[in-house]
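Right, one structure below, let's go through it.
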Amino acid sequence: EAQVTQNPRYLITVTGKKLTVTCSQNMNHEYMSWYRQDPGLGLRQIYYSMNVEVTDKGDVPEGYKVSRKEKRNFPLILESPSPNQTSLYFCASSFSPGQGLEQYFGPGTRLTVT
Amino acid sequence: DQQVKQNSPSLSVQEGRISILNCDYTNSMFDYFLWYKKYPAEGPTFLISISSIKDKNEDGRFTVFLNKSAKHLSLHIVPSQPGDSAVYFCAATGTASKLTFGTGTRLQVTL
């Protein structure tokens, strides 16, 4: 089954404790992206990757890191989480970054930072 | 600076009637527009899209209209069904790398 998977689905952590949210896709997509969803703000892009070893900042990259060492995986790293990073996070992928960007989304990771 | 705006946070429609969801954008460089649907506890799923060279695209019960001069697009669902109850996001892109989303409209289809 073609899908984007994220782990964990739910995470409660404390300020400053490094964490990684994994994202994996099995569709051989070149393009992958991370979004956060907050009430009243919709989905905002954090980082994206056009292909292996190619990553770039989205609209809200502060406090986040990413890496793309393999085509299928695109982990999101929070080196020192803060309460304002409490949010619902989505990973997405698509075949190419060309026109259309009909992205496939993962099920989401709900992160709470206390 | 919200470049894609959905001014109605919620909408309630009776089953069988038409649902019209609206979206406005400010960036004239946007040339492709998409609608996504999101159920609780799931990721958004692609619904329908339209290129800026068209003014209408239809897929079954779903039609998207684009008015470039007004920088406005709308999604029509006819007839509305209870299973259409979800949050709908419009999104726009003008480059190969970036998709800008609106804030979403929660549609409730009542019996």
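The numbers here are math on the coordinates, done by the rules we state, and not lab data. Being a predicted model, the structure only gives us computed values, none of them experimental. Cβ placement follows ideal geometry from the backbone for every residue including glycine, while neighbour counts extend to all protein chains displayed.
Give the residues of the stretch B:51-92 whose amide nitrogen is closer than 18 Å to a point set 7 Å from the Cα of B:Gln14 in the direction of its Cβ. Only B:77-85 fall inside the zone, counting backbone N under 18 Å.
Multiplying the residue separation of A:Arg110 and A:Lys18 by 0.36 nm and subtracting their alpha-carbon distance yields 31.5 nm. Close amide H partners of A:Arg68, meaning residues 5 or more places away or on another chain with modelled amide H under 5 Å apart, are A:Glu53.
What average number of partner chain Cβ atoms lie no more than 10 Å from the Cβ of the residues making up B:39-47? For peptide B:39-47, the averaged partner shielding equals 5. Translational diffusion of the stretch A:47-86 was estimated from the Stokes-Einstein equation, with Rh taken as the Kirkwood radius over Cα pairs; at 4 °C and 1.567 mPa s the coefficient is 119 µm²/s. With the simple model of a label 7 Å out from the Cα in the direction of the Cβ, B:Thr45 to B:Glu58 spans 2.4 nm.
Which of rounded, prolate, oblate describes the protein assembly as shown, given a ≥ b ≥ c as roots of the alpha-carbon gyration tensor eigenvalues and a/c under 1.5 marking rounded, otherwise prolate only if a/b is larger than b/c? Because a/c hits 1.5 or more and a/b exceeds b/c, the protein assembly as shown counts as prolate. Would you work out if the stretch B:18-100 is rounded, prolate or oblate? Take a ≥ b ≥ c from the square roots of the eigenvalues of the alpha-carbon gyration tensor; rounded if a/c is under 1.5, else prolate when a/b is larger than b/c, oblate otherwise. In terms of gyration-tensor shape, oblate.
Taking a 30 Å limit on the Cα-Cα distance, which of the listed pairs A:Lys69/B:Lys98; A:Lys71/B:Lys68; A:Lys18/A:Lys57; A:Lys69/B:Lys71; B:Lys38/B:Lys71; B:Lys5/B:Lys54 fall beyond it? Result: A:Lys71/B:Lys68; A:Lys69/B:Lys71 exceed 30 Å.
Among B:Thr110, B:Thr100, A:Thr55, the ranking by other beta carbons within 10 Å of each residue's beta carbon, starting with the fewest, stands as B:Thr110, A:Thr55, B:Thr100. The ranking of A:Ser33, B:Ser19, A:Ser96 by Cβ neighbour count inside 10 Å, starting from the fewest, reads A:Ser96, B:Ser19, A:Ser33.
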